[in-house]
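Asks: Sending over a structure as structure tokens; questions will come in a sec.
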Amino acid sequence: MKVCFWSLQKMNKYISLTKVFLKNSSSNFLKDKKGSLSKTIKQLLLYAVIILSLLPLISMFGIATTSSYDILKPLNQEGIILSAAMSISSAVIFTFGIFFIMSVFYFSSDVDTILVLPVKPWIILMSKFTIVLIYEYITEIVVLMPVMVAFGVKSSAGLIYYIYSIIIFLTLPIVPLIIAGLITILIMRFSGFTKNKDRFKTIAQICILIFVLGINLILQKLGKGFSSGADMAKLLAQGNNSLLKSSSKIFINIRYAVESLISGSSLTGILNMLLYLLITAILLTIFIIFSEAFYIKGVIGMNQIQAKHKVLTSSEITKKSAKKSKVLTYTVKELKILFRTPVYFMNCVIMNFIWPLFLIIPLVSQKDFIKNFIYMRRYFNTIISDNVTLGISISIVFGVSLMLSIINPIGCTAISREGKNIFVNKYIPMDYKNQLLSKALAAFIINFSGIMLMIFLITIIVRPTLHIFIIMILLSAIGTIFSIFLGIIIDLNYPRLNWDNEQRAVKQNFNVLVIMILGSLITGIVIFSTIQLHIPFHIILPLIIIIFSIIDIVLYKIITTRGVNLYKNIQ
């Protein structure tokens, strides 16, 4: 009885602590402490728009499932649909899980507070793990849930299928999060041996990011699956969902989850479900034991910062105190904050240069990548010889550069990143207009640098002519300015200043999602119109340049007039 009470007491602590973490992580999602009812209604409407914007993607997964089922069912290989959906979900969860775990386990403001609580380390770990798990359910709702539902409807599945589906939906993220957690905790454990905490945080995150890219490369190689078409044909001919054995090589629990769904209430289905849950439970136990040994030691002193002092000579003092351009000085200040703050560096700077790597890695990882480069150059020469095809390509270049700039939160969080220290900007000897323009300039420097890296890689691969190269740079610059100005205007209207760690300013800021939705719509309209109307190159190019240059000028005027007033009235 005493043991039972002791276990119940620990469970109550786990539930209570989880509630506290959940409340802290979502405290600003619905309403600020000083928020009005009108602001709450606006935010609720915003969430409704976000949900509606995800419906096409959810529908796409559902339609793809029904179409694939009709093709694979006659071959008795329909199980590969569920396996692919679970593998994709797990890969996405693993990738995002790395950053969520870094944020929740190490960079949250409650880290120093919880260490002094009379609570076992494993309870703290499991509470934080649960918060990350809840975040990842959103990924499953978009990617996995429509596939499971569509598969169940097409196969006329019974009640057991849906019961198993709920169990798998709730437990599938655990294994990829465990892998992500073990990697993160192991790397962050060594933070205690360095004096410069911020620098180590940045280096650790870069190491983790490189590891994620490595895993991505491995998954791509495994995704090829078979050495030849004959191997594929042989497995297809076997039937009985023989492809399942080759479809989930990284996340071993997926195979048993799929087998349980296909077999249903039979003994095979029950045994596979038990095996799936057993593997998950064993890995979770290993994670708890490992984390309890390494997490606390790694998290102690994470928020300590060591200042570096230097005695300046008279000439250095004179040089540093010399009069400089206000805009340039404030821009440099913005850049220093972005580079020196680990969270901002990862989300606003380094991620800007990761996308070009995602382009080049799949290409160079192939055996005959040089031959592929030659083929791509020939194909590019074919494209530029046709006026309509070149027009479509130009619109795609503009759309891609626009989206690359939009997915970087540096512009749409320019005001939010100030946080509760926004009042300091009211007292510095610099007018609000120049402050806003400096923020825009800092964002442009970082965003455009990443896009230029992408253009440089494309130039190496396809070797465009000089005038095409100049056009790509010009369109990218216009698109980058548009995205930054639009982001700043959105952030001026809906700044998120009430945050307690930098992660919330950029990762939990719905302004980021708003501008991504708007950017996707604009990109889609430009590309779709060019394709459907067969607009040739000599028409679409001046249209894009003139229209978006005018929009950029209008946005500039809005920022320097109404934007200044909004900035002035921010409390």
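The values are calculated or read from the model by the stated rules, or taken from the named source; none is laboratory data. Nothing here was measured: the structure is a model prediction, and the numbers come from that model. Backbone-built Cβ (ideal geometry, glycine too); neighbour counts: all protein chains shown.
Asks: Please work out which residue is modelled with the lowest pLDDT, limiting yourself to segment 263-274 and to residues that are hydrophobic (A, V, I, L, M, F, W, C) and over 32 Å from the mean Cα position of the chain (by Cα).
Replies: This residue is LEU267.
Asks: Also, I was wondering about something else. Find the helices (runs of 4 or more DSSP H) located wholly in segment 488-571 whose residues include 1 or more that are outside the structural domain of ILE101 (by TED's automatic domain parsing), among the charged types (D, E, K, R) and free of Cβ contacts under 8 Å to residues at least 60 places away in the same chain, and list them. Outline the logic, then answer.
Replies: On the way: elements: 502-506, 510-533, 537-558, 564-569.
The helices (runs of 4 or more DSSP H) meeting that bar are 537-558.
Asks: For the subset of segment 119-133 comprising residues that are of a type in the set (Val, Ile, Thr) and in a helix (DSSP H, G or I), which member is nearest to ILE296 (Cα to Cα)?
Replies: The extreme case among them is ILE124.
Asks: Among the candidates ILE174, ILE179, ILE166, which residue alone is closer than 19 Å to LEU133 by Cβ, assigned by TED's automatic domain parsing to the domain that holds ALA91, at pLDDT 65 or above and out of contact with any helix residue (DSSP H, G or I) (no Cβ under 8 Å at 6 or more places or on another chain)?
Replies: Exactly one of ILE174, ILE179, ILE166 is closer than 19 Å to LEU133 by Cβ, assigned by TED's automatic domain parsing to the domain that holds ALA91, at pLDDT 65 or above and out of contact with any helix residue (DSSP H, G or I) (no Cβ under 8 Å at 6 or more places or on another chain), namely ILE166.
Asks: Follow-up question, since we're still on this one. Examine segment 134-154 for a residue that is over 30 Å from ALA64 (Cβ atoms) and either surrounded by fewer than 22 Cβ atoms within 10 Å (Cβ to Cβ) or in contact (Cβ under 8 Å) with a residue 60 or more places away in the chain (or both), and state whether such a residue exists.
Replies: Checked against the condition, which is being over 30 Å from ALA64 (Cβ atoms) and either surrounded by fewer than 22 Cβ atoms within 10 Å (Cβ to Cβ) or in contact (Cβ under 8 Å) with a residue 60 or more places away in the chain (or both), segment 134-154 yields no hits at all.
Asks: Now for a separate question. Checking GLY391 against (1) loosely packed, with under 15 Cβ neighbours inside 10 Å; (2) at pLDDT 75 or above: exactly one of these is not met. Which one?
Replies: Failed condition: (1).
Asks: Now for a different question. Report yes if ASN511 is within 24 Å of ALA414 (Cβ to Cβ) and surrounded by 23 or more Cβ atoms within 10 Å (Cβ to Cβ), otherwise no.
Replies: Against the criterion (within 24 Å of ALA414 (Cβ to Cβ) and surrounded by 23 or more Cβ atoms within 10 Å (Cβ to Cβ)), ASN511 qualifies.
Asks: Please state which one of GLU136, GLU140 is of a type in the set (Asp, Glu), assigned to a helix (DSSP H, G or I) and in contact with a Gly (Cβ under 8 Å, 6 or more places away or on another chain).
Replies: GLU136
Asks: Then there is this: Can you find, within segment 401-417, the residue that is modelled with the lowest pLDDT among those that are crowded, with 20+ Cβ neighbours inside 10 Å and part of a helix (DSSP H, G or I)?
Replies: Looking only at segment 401-417, we keep the residues that are crowded, with 20+ Cβ neighbours inside 10 Å, and these are 401-402, 404-406, 408-417.
Imposing the further condition that a residue be part of a helix (DSSP H, G or I) reduces the set to 401-402, 404-406, 416-417.
Values: SER401: 89, LEU402: 90, LEU404: 86, SER405: 89, ILE406: 89, SER416: 90, ARG417: 89.
Out of the qualifying residues, it is LEU404.
Asks: Continuing with the same structure: Taking ASN372 and the conditions (1) over 30 Å from LEU543 (Cβ atoms); (2) crowded, with 17+ Cβ neighbours inside 10 Å; (3) among the polar types (S, T, N, Q); (4) at pLDDT below 90, which numbered condition does it fall short on, given that it satisfies the others?
Replies: The one condition ASN372 does not meet is (2).
Asks: Conditions: (1) under 28 Å from the mean Cα position of the chain (by Cα); (2) farther than 15 Å from MET454 by Cα; (3) at pLDDT 90 or above. LYS420 meets all but one. Number of the miss?
Replies: (3)
Asks: Could you name every one of the helices (runs of 4 or more DSSP H) located completely within segment 17-118 that has at least 3 residues being modelled with pLDDT of 80 or more, among the hydroxyl-bearing types (Ser, Thr, Tyr) and over 25 Å from ARG189 (Cα atoms)?
Replies: 37-72, 79-101
Asks: Mind listing whichever residues of segment 256-285 are over 14 Å from SER165 (Cβ atoms) and exposed (fewer than 15 other Cβ atoms within 10 Å of the Cβ)?
Replies: SER266, LEU267, THR268, LEU271, LEU274, LEU278, ALA281, ILE282, THR285 - these are the residues of segment 256-285 that are over 14 Å from SER165 (Cβ atoms) and exposed (fewer than 15 other Cβ atoms within 10 Å of the Cβ).
Asks: Being on the phi < 0 side of the Ramachandran plot, at pLDDT below 90 and assigned to a helix (DSSP H, G or I) is true for just one of LEU453, LEU474. Which residue is that?
Replies: Exactly one residue qualifies, and that residue is LEU453.
Asks: Given LYS439, LYS420, which one is closer than 21 Å to ILE490 by Cβ, among the charged types (D, E, K, R), touching a residue at least 60 places away in the same chain (Cβ under 8 Å) and touching a helix residue (DSSP H, G or I) at 6+ places or on another chain (Cβ under 9 Å)?
Replies: LYS439
For (1) hydroxyl-bearing (Ser, Thr, Tyr); (2) closer than 18 Å to LYS19 by Cβ, each residue gets a yes or a no:
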residue	(1), (2)
SER103	yes, no
SER108	yes, yes
VAL119	no, yes
TRP122	no, yes
LYS128	no, yes
